[in-house]
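Visitor: Please find one structure pasted underneath; my questions will follow.
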Amino acid sequence: MPSRWMVGMSLSALLVIAVAACSSRSGNGRSTTGTSASSSGSAQNGGNYQLPSTVTSLRIDGDAVSIDVTAQDSASAVTVREQLHGKATTTKEVTGSSATLTAKCPSGFSFGVDCSVDYTVTMPARITLNVDGTAGDMKVNGPFANATISTKAGRVLGTSLGAGTYEDHD
């Protein structure tokens, strides 16, 4: 059985790797706004919004995010509540039937209230979900028609998941 010291060192090494990976990603930190068939925008201080009912694929990508996603057969569209902490910025982009939500920190990676985003998403079960988080916990409640959930430094907790891939790199 590994000692606490070895477990602590393993987690520290994972954190260093996660920070290095995040540092190699560079974002411009800008948020754009607009509405059309292909739209992008941002809730500057967080907020609630609904994506068009034509969305059949949702991607969530973030540096320091806490994500809670619930799929419901009765849901008619994707609804999102985002709460920004510190210097976090978010963007949403809808192109045709695909939507992408992105959360970024100015320096790439941060813990706590300095820079993070909390997403709470309710979506129709038929929508394909792809979540890639650098750091933060993910809670997913199915059933999902197809989902890929990955975090590099966080936990994935799920119930009634359905089809897909669920990875916790801790």
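The values are calculated or read from the model by the stated rules, or taken from the named source; none is laboratory data. Everything quoted here is computed from the prediction, not taken from an experiment. Every residue, glycine as well, gets a Cβ built from its backbone with ideal geometry; the counts of neighbours run over all protein chains shown. Heavy atoms of the whole protein, side chains included, go into the accessibility calculation; ligands, DNA and RNA do not. Shrake-Rupley method; radii C 1.70, N 1.55, O 1.52, S 1.80 Å.
Visitor: Run the 1.4 Å probe and let me know the accessible area of Arg59, rounded to the nearest 10 Å².
Guide: Per-residue accessible area (Arg59): approximately 80 Å².
Visitor: Kindly sort Leu157, Leu101 by accessible area of their heavy atoms, largest first, with the probe set to 1.4 Å.
Guide: Leu157, Leu101
Visitor: If amide H atoms are built 1.01 Å from N in the plane of the peptide, which residues on other chains or at least 5 residues away come under 5 Å of the amide H of Val78?
Guide: The answer is Leu51.
Visitor: Taking amide H atoms as placed 1.01 Å from N in the peptide plane, list the residues 5 or more away in sequence, or in a different chain, whose amide H sits under 5 Å from that of Val131.
Guide: For Val131, the qualifying residues are Ile60, Thr148, Ile149, Ser150.
Visitor: Let me ask something else. Add +1 for every Lys or Arg and -1 for every Asp or Glu among the other residues with Cβ under 12 Å from the Cβ of Gln50, and state the total.
Guide: It works out to a net charge of +2.
Visitor: Follow-up. Quick one: 3J(HN,Hα) in Hz for the range 51-58, Karplus 6.51/-1.76/1.60 with θ = phi - 60°, rounded, Gly and Pro as x.
Guide: Values per residue, Gly and Pro as x: 8, x, 5, 7, 5, 10, 9, 10 Hz.
Visitor: Which distance in nm do the two modelled labels at Ser160 and Lys139 give, with both placed 7 Å along the Cα-to-Cβ direction?
Guide: Result: 1.6 nm between the two label points.
Visitor: Summing Lys, Arg as +1 and Asp, Glu as -1, what charge do residues with Cβ under 12 Å from the Cβ of Arg59 carry, Arg59 excluded?
Guide: Once all neighbours under 12 Å are counted, the net charge is -2.
Visitor: Under 5 Å between amide hydrogens, which residues at least 5 positions from Thr70 or on another chain qualify, with H placed 1.01 Å from N in the peptide plane?
Guide: Under 5 Å from the amide H of Thr70 lie the amide H atoms of Val121, Thr122, Met123, Asn141, each far enough along the sequence or on another chain.
Visitor: Within the range 50-73, which residues have the backbone N less than 20 Å from the label spot 7 Å out from Ser97 along Cα→beta-carbon, could you tell me?
Guide: 51-60, 71-73
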